[in-house]
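Accompanying notes for the structure given below.
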Amino acid sequence: MSDRSTVRFVLDGELIELRDVDPTRTVLQFLREDLRRKGSKEGCAEGDCGACTVVVAELVGGDEVQFKAINSCIQFLPTLDGKELITVEGLASGDSLHPVQSAMVKNHGSQCGFCTPGFIMSMFALYETNPNPGRRDIDDALAGNLCRCTGYRPIVAAATEMYSMPAPASIDRSVLLKQIQDKSSLRIAHEGRRFLAPRDADELSALLQEFPDATVLAGGTDIGLWVTKQHRELETIIYTGRVAELLSIALTDTHIDIGAAVSLTDAVPSIVQLYPGLDEMFRRFASPPIRNAGTLGGNIANGSPIGDSMAALMVLDAQLVLRCGDAEREISLGEFYHDYMANDLQPCEFLLQVKVPKPSDIAVVRSHKWSKRFDQDISAVCTAYRLVLEGDTVASFRMACGGLAATVRRATNTEAAINGKPWNEATIQAACEALAVDFAPITDMRASADMRLRATQNLLRRFLAESVSENLETVYSYGR
Ligand SMILES: Cc1cc2nc3c(=O)[nH]c(=O)nc-3n(C[C@H](O)[C@H](O)[C@H](O)COP(=O)(O)OP(=O)(O)OC[C@H]3O[C@@H](n4cnc5c(N)ncnc54)[C@H](O)[C@@H]3O)c2cc1C
Ligand code: FES
Ligand code: FES
């Protein structure tokens, strides 16, 4: 199959084919500046406020259409290839509002209206994906949308009532989507910059050898901000979102093998099903639009010291499969980071897969995220623990922390203070002292050094309290 240089997607029931696309033009710039379609708003240009939320529909497994809310302000336009873009202008049918819109009007869910199109699109995604959401599902679905004046009560009421409004005419989105599926690779060149979207790992590998300085783009929820906030020019982008091997999740006898380009939304259920104690951390990881675009591989490769997934994956002893040319190698996540934002990836190398071990014994696994807000906030501290008890004695204890050092890393002195000891308050008290040996955190706008350390000590105490007050086997562990 030959390469293609045009970007093809569906908008308002029509096929759009764009030539000479700027690789880092955002979907929001395309909508507002090129199409003068200004329903989607720009509040922050960094994925935080939700004013720019749109929905992307994709074909999965042949006929099924999957709907995902995303932040158009940080999504690069070429990544829409093969998908349908749905914006707030496309929901009403003639004079008939979509049920989401009718419910919002009826419940007075909008005052200044700036946030409203974004809320409508997050609610539309919920409407299409969950026919019977509970209050927590609604709160979660709206976690990426900020409203400064109406307040959330009427908006939540609208999200509850939208299901009892007359249903909209059904639309078969798969027909047009099927017309724009092909196996060709994208190769876009624009004013000396490139956007390359290979279809398999061999091609990705060859491209990285040809362009070792290229930026590997997955969901773009970190990289998007390099462009919108830091105004960086990215000369060559290699996009992983169409690479078959990077998009699969496989369950082996021993591991869950998660492709590096699998979105957090798709990857998380397979992990949380085996480790329910990680549910809250992943629920509080950013917001649905960020999790719909962002990937587990991107979180790990980006390697921020306040990244949320790594502490949990470290205590589980996750392995990374890296590839350069035809050669693959495995490295433990615990050995992957060298220093602040520096890791073991070589210039030609990319992350192929994250191998998460399945539970093999009665281990309690849990993660705590400590931040100023419950939803859509970056951690000041993120901790994770894996505990195996024999009677009242600790047979094995691992702990990893983010937000306390230049990289997320294991708390080795703390682990030594707990391993082989009785699992009780005296042991935890000694471990809290060891935590102060393990880490010398810094002060920044999220928390002072002292607060960080004391919060982490208290989170460890909380883990002891949680572990003795709950039925460990059924709540957190699927072992044996
Ligand atoms: C509003 C907002 C909220 C956020 N909240 C959180 C949060 O709560 N917790 C948290 O941890 N993070 C958060 N993030 C950060 C971000 O969403 C995550 O780090 C996400 O997992 C990044 O994944 P991505 O696919 O978008 O990565 P990208 O932006 O595409 O890439 C990130 C980095 O990884 C590299 N990379 C990606 N894939 C590969 C690969 N296969 N091989 C080699 N290198 C690769 C890229 O080159 C780049 O250096 C937030 C971001 C935003 C904008
Ligand atoms: S403009 Fe704020 S999330 Fe996009
Ligand atoms: S209605 Fe004004 S910000 Fe929500």
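Read the figures in this text as sums done on the coordinates, not as results from a lab. In this text the structure is predicted, and so the values were computed from the model without any measurement. Neighbour counts run over all protein chains shown; Cβ positions are idealised from the backbone, glycine included.
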Under the Karplus relation with 6.51, -1.76 and 1.60 and θ = phi - 60°, whole-Hz ³J(HN,Hα) for the stretch 29-39, x at Gly and Pro, equal 4, 4, 5, 7, 9, 7, 8, 6, 9, 9, x
Computed ³J(HN,Hα) along the stretch 131-145: with the Karplus parameters 6.51/-1.76/1.60, θ = phi - 60°, integer Hz and x for glycine or proline, the list is x, 8, x, x, 4, 5, 5, 5, 4, 4, 5, 9, 5, x, 10
If each part is reduced to its alpha-carbon centroid, the stretch 330-376 and the stretch 404-476 end up apart, in Å, by 18
Computed ³J(HN,Hα) along the stretch 65-74: with the Karplus parameters 6.51/-1.76/1.60, θ = phi - 60°, integer Hz and x for glycine or proline, the list is 10, 10, 10, 9, 6, 9, 8, 6, 6, 10
Summing -39500 (n - 2.57) over every DSSP H run of at least 4 in the chain, dividing by its residue total and rounding to the nearest 500, the 222 nm mean residue ellipticity is -8500 deg cm²/dmol
Whole-Å distance linking the alpha carbon centroid of the stretch 274-304 with that of the stretch 92-120 is 30
Most packed first (mean Cβ within 10 Å per residue), the peptides 63-71, 282-290 order as 282-290, 63-71
The relative contact order of the stretch 1-122, taking Cα pairs under 8 Å that sit 6 or more residues apart, comes to a percentage of 30
The residues His98, His255, His231, sorted from fewest to most surrounding Cβ atoms within 10 Å, come out as His231, His255, His98
In the chain, whole DSSP H helices that both stretch 24 Å or further along their axis by alpha carbon positions and average at least -1.0 on the Kyte-Doolittle scale are 449-469
Relative contact order of the chain (C-alpha contacts under 8 Å, at least 6 apart) in percent is 12
Among Val364, Cys44, Phe67, the residue whose Cα sits farthest towards the positive end of the charge dipole of the chain, when +1 is placed on the Cβ of each Lys and Arg and -1 on the Cβ of each Asp and Glu, is Cys44
Most exposed first, judged by fewest Cβ atoms within 10 angstrom, Leu313, Leu322 run Leu322, Leu313
Most packed first (mean Cβ within 10 Å per residue), the peptides 191-198, 264-271 order as 264-271, 191-198
Fewest to most Cβ atoms within 10 Å: Ser185, Ser164 sort as Ser164, Ser185
The rounded separation in angstrom of the Cα centers of the stretch 18-52 and the stretch 214-241 is 15
Computed about the Cα centre, the charge dipole of the chain from +1 Lys/Arg and -1 Asp/Glu charges at the Cβ has a magnitude in debye, to the nearest 20, of 1200
